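Just below is one structure, and these are the notes that go with it.
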Amino acid sequence: QVQLVESGGGLVQAGGSLRLSCAASGRTFRSYVMGWFRQAPGKQRDFVARMSGGSTYYADSVKGRFTISGDNGRNTVYLQMNSLKPEDTAVYYCAAAPFGGIDYLARTYTYWGQGTQVTVSS
């Protein structure tokens, strides 16, 4: 079993930046797909970004503003969030998928963190 713990969330003004971290314990592998999702109050969980095999992919809503990265062993994954907007407010979740699938679907991912709150104010 892989344990994922997110950190780095908080309150930030619109236009500001935050860097989220996802620390993995247990055994992780470089081949895992690592992703970030977010869920606002009363809304479904949406795909944000993923990293796999050195490639990255982003939701249109965050492309050009967010960057996903990680260490070589995928023990820590980051989400750098710049130019934050109020609509980015959500609980952000880190997730890992041992096997391939449709990367932007939550059902692809086996392991999940508990989430970290990001609030963007005007």
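The values are calculated or read from the model by the stated rules, or taken from the named source; none is laboratory data. Bear in mind that the values here come from a model prediction, so they are computed numbers and not experimental data. As a convention, Cβ positions derive from the backbone with ideal geometry for all residues, glycine included, and neighbour counts pool all protein chains shown. In case anyone asks, the SASA skips ligands and DNA or RNA and just uses the protein heavy atoms, side chains included. Shrake-Rupley method; radii C 1.70, N 1.55, O 1.52, S 1.80 Å.
So what is the relative contact order for the stretch 10-122, in percent, with contacts set as C-alpha pairs under 8 Å and at least six apart?
On the way: 250 pairs, mean separation 40.5, N = 113.
Worked out over the stretch 10-122, it gives 36 percent.
Would you work out what percent of the accessible area of the chain, with all protein chains in place, is carbon or sulfur (probe 1.4 Å)? Could you put the intermediate results ahead of the total?
Values: 2980 of 6390 Å².
Roughly 47 percent of what the probe reaches on the chain is carbon or sulfur.
Please calculate how many Å² of accessible area the chain carries per residue, with a 1.4 Å probe and no DNA, RNA or ligand atoms counted.
Accessible area per residue, the chain: 52 Å².
Using label points projected 7 Å from each Cα along Cα→Cβ, tell me how many nm separate S69 and L11, to one decimal.
2.9 nm
Hand me the chymotrypsin sites (Phe, Trp or Tyr not before Pro) from the stretch 52-122 located in a DSSP loop with no more than 11 other Cβ atoms within 10 Å, in residue order please.
Here the chymotrypsin sites (Phe, Trp or Tyr not before Pro) that fit, given the DSSP loop and packing criteria, are F99.
Tell me, which longest segment in the chain has none of the trypsin sites (Lys or Arg not before Pro) that fall in DSSP loops with at most 16 further Cβ atoms within 10 Å?
Between exposed loop sites, the widest span is 66-122.
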